[in-house]
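Okay, structure first, notes after.
The values are calculated or read from the model by the stated rules, or taken from the named source; none is laboratory data. Everything quoted here is computed from the prediction, not taken from an experiment. Cβ placement follows ideal geometry from the backbone for every residue including glycine, while neighbour counts extend to all protein chains displayed. Please note that ligands, DNA and RNA were not included when accessible areas were found on the heavy atoms of the full protein model with its side chains. Shrake-Rupley method; radii C 1.70, N 1.55, O 1.52, S 1.80 Å.
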Amino acid sequence: IYDGARVRACNKPDTYVYTGLGDFYWPLIGAGYAECELFSFDNVGAVFLDSTLPEDHPKRAELVIKSVTLNAILGFLGTFTSADEFMEDASGLDGMTLHPASPALGRLLFFGADSERYGKLPDFDAANQTTNTGKFVNAAVEPLCGVTCPLNNNGLNVCTAADVDHVLRLRDANTIFGWERLGFYTYLAPTLRAFAETSCNWKAVGQAVTACDSVDYTGENYFLDMVSVLSRHWPDDEHGPECDSNASKNNARYCSAAGANHYEPIIGEAMMGDLLPALHTFSTVALELSEVTIARGPDAGKTVRGAEVLEWLLQVLFSQKYAAEHGVSDRFGKASTTWVDGTPQSQVTVFNLFADALHGMDVAFETSSLPDAADRRSKWKRARSELVDQFLSVSGQAAGSAFRNEAVPRTLHAILQVLREQLNANCPNRETTGECDWARVQLGKKLNDVLAGAVFASVADITEAINANESSRRELGRFFSYALTSTASVDALAGLLASTSDMMQVLAADGEVAPILNAVSTAANPAGDQDGPGCADQMLQVLDALSSDRYDRYHVLDHVLPALVTPIDGGAGASPLEIVADVLAEVNRADAALETPLNQADYGYVFATMRELFASETRGFEQLYFIVKNRRRDETL
């Protein structure tokens, strides 16, 4: 398909048309038709695709005879037989009519005919040269060359003697006929029809087209371009002579050696699974979706259908024109981007930003100097896959299908509402002007500042430590599995969401939180940065001891601790712990008689008293610890 995309084909120089009547050729006397004088196809790939359409389709491929005389003869023959029957008899090919079928075109292109330009090629079919097919093909056309051969003055790709192996029937031998044996034409026809009808008077689903622009190959070229991209990136670095990864990107023989063929198992699995039926059902529902009335924004009151919504979505994601009109750029303000193979793109799109982000993550793993980088990359890709499975898996079929995770649709709806309201809060005129500088510029910069801050770096370090500790990682995974599944208690999920919200606020307040964390790190760090437990570790051990049956068989703390933090007066007042803390602060401030809020000097006195309480060896916890440690023990208890 790639080799025939936008390739022009014509009759060969000095053409005589075999009539199928004995050994008579037309014209009977004089010179034959000059190159491209008899017929021409301006886009062989598009014509081949259109040959798969139904015979009565207005866009069906057509062989237009340019010669007035020959057309008159065909009209005269139509008195006795149809022009289509004459063409089939003369060529010996079923379906080789003025609206040729795909199998006939395939045989016309790949027949091993003789050649005045190249001589007898390796696939020369000596046994069939004297048949109608041999005579018809030998007289009418030279072996077709594809995009990998240079153009002549008539715009035809013509291979040189050194590149004779790039003749289409040699370069692509044994390919197109596989479509017939595997029923590929039948399966592909509906898809090709959708592309071909881009230039037709398409109105609605199920409504047949009645007119098409026969020379407008816009839709066919979409398909050809898509296949051409696949063709260039399909082979890996072990490709053969069919492409050259060292050639210029502007050379038709170039391939990136990206190895898209390694995705064949995934594609095969998708084809055999329910992906395509699901996409078909989705497209049908979207196209037949009842009219929806827009309630807000500059288009309020306008009605749209599902197909229009999909069109808008694709435009937002992929259209460079749309992105340029709305000033889309990366977080550095750069509007251009570069493909993975180095091809420049003048305008970045939303899809580019997303794809570049994922690619950047993959590159970071591949270029990492960490010894376990490969294992990390494997875990990252597996995690992405499992997230998709968890949140996008579907159960049931047809009308009974639904997201396996029942929270997904409700969550998506809530997220969209929150995003919309956040946009409106930061850009009050967004719904009337369509502009939101905060979302396009400020939000990205703010996110960058958060990710570059000390707090996020500390969270990343903690995550690294957990990842390195197998037992901790597994236990944390079990906790999240419990808290996030639909079987978890409401309190567990609500508590996790609240904690996550608090964490996001902490990350956003990096400047205020960093000093506090530095102080906490001192308490948590082992004394003198030596191996062994720190203050936080010792505190956890103390709490564990206090809550165990060995020292508190009646679980007094289970009653005391909740009581300390429970507000009194039926929940209207402060908790006992807050009252005690306030009393201690008031007693130990610089002037206990003052009723004003604590100032800097007051906090200094309060914390000095607390430091002495914890550090004094004669009066404080050190003395209490010494007494408890040296108490008389009754080993029988």
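A Cα-only calculation for segment 45-178 places Rg and Dmax at 15.7, 48 Å.
Diffusion of segment 342-391 by Stokes-Einstein, at 37 °C in a medium of 0.692 mPa s and with Rh set to the Kirkwood radius over alpha-carbon pairs, works out to 259 µm²/s. If R0 is 60 Å, what FRET efficiency do you get for ASP569 and ALA468 from their C-beta distance, rounded to 0.05? That gives a FRET efficiency of 0.80. Across 5 Å bins from 0, what is the distribution of all Cα-Cα pair distances for segment 144-283, in whole percents? Going out from 0 Å in 5 Å bins, segment 144-283 shows 2, 8, 10, 16, 19, 17, 13, 9, 5, 2, 0 percent. Descending by average beta-carbon neighbour count within 10 Å, the peptides 217-224, 459-466 line up as 217-224, 459-466, the highest first. Among the cysteines of the chain, CYS535 have no other cysteine beta carbon within less than 4.7 Å of their own. Under 5 Å from the amide H of ASP244 lie the amide H atoms of TYR254, CYS255, each residue being 5 or more positions distant or on a separate chain, with H modelled from the backbone and absent for Pro and chain starts.
Could you give the Stokes-Einstein D for segment 354-427 in µm² per second, using the C-alpha Kirkwood radius, 10 °C, 1.306 mPa s? Answer from the Stokes-Einstein relation: 102 µm²/s.
Here the chain was treated as a single set of alpha-carbon atoms; its pair distances binned every 20 Å from 0 give 11, 34, 27, 16, 9, 4, 0 percent.
What whole-number distance in Å separates the alpha-carbon centres of segment 134-165 and segment 95-130? Here the answer is 13 Å between Cα centres. Across the chain, Cα pairs under 8 Å and at least six residues apart give a relative contact order of 6 percent. In the calculated pair-distance distribution of segment 573-627, the portion above 15 angstrom amounts to 56 percent of the Cα-Cα pairs. When both bridge partners sit in the chain, DSSP labels roughly 95% of those beta bridges antiparallel.
Ranked by the mean number of other Cβ atoms within 10 Å per residue, highest first, peptides 302-315, 159-172, 42-55 order as 42-55, 159-172, 302-315. Of THR618, THR343, the order by accessible heavy-atom surface (1.4 Å probe, DNA, RNA and ligands excluded), from most exposed downward, is THR618, THR343. Exposure check, 1.4 Å probe, all protein chains in place: PHE456 carries approximately 80 Å² of accessible surface. A simple packing score, the average count of other Cβ atoms within 10 Å per residue, orders the peptides 124-131, 552-559 as 124-131, 552-559, with the highest score first. Could you compute the FRET efficiency for SER378 and VAL450, with r as their C-beta to C-beta distance and R0 at 30 Å, rounded to 0.05? Efficiency for this residue pair is about 0.60. Residue pairs exceeding 31 angstrom between C-alpha atoms, taken from LYS321/LYS379; LYS334/LYS381; LYS135/LYS249; LYS120/LYS249; LYS249/LYS379: LYS321/LYS379; LYS135/LYS249; LYS120/LYS249; LYS249/LYS379. Between ALA300 and LEU624, the distance separating the two model label sites (each 7 Å from Cα on the Cα→Cβ line) works out to 6.3 nm.
Net charge in the neighbourhood of GLY297 (other residues with Cβ under 14 Å of its Cβ; Lys, Arg +1, Asp, Glu -1) is 0. Over the chain, dividing the summed -39,500 (n - 2.57) contributions of all DSSP H runs of at least 4 residues by the number of residues returns a 222 nm mean residue ellipticity of -15500 deg cm²/dmol.
A simple spin-label model places the labels of LEU561 and ARG631 1.9 nm from each other, with each point 7 Å out along Cα-to-Cβ. For segment 314-377, the Cβ-based charge dipole about the Cα centre amounts to some 220 debye (Lys, Arg positive; Asp, Glu negative; other atoms uncharged). With a cut-off of 14 Å between beta carbons, the residues surrounding LEU557 carry a summed charge of -2, where Lys and Arg count +1 and Asp and Glu -1.
Measuring r between the beta carbons of TYR263 and VAL580 and using R0 = 51 Å, the FRET efficiency lands at 0.20.
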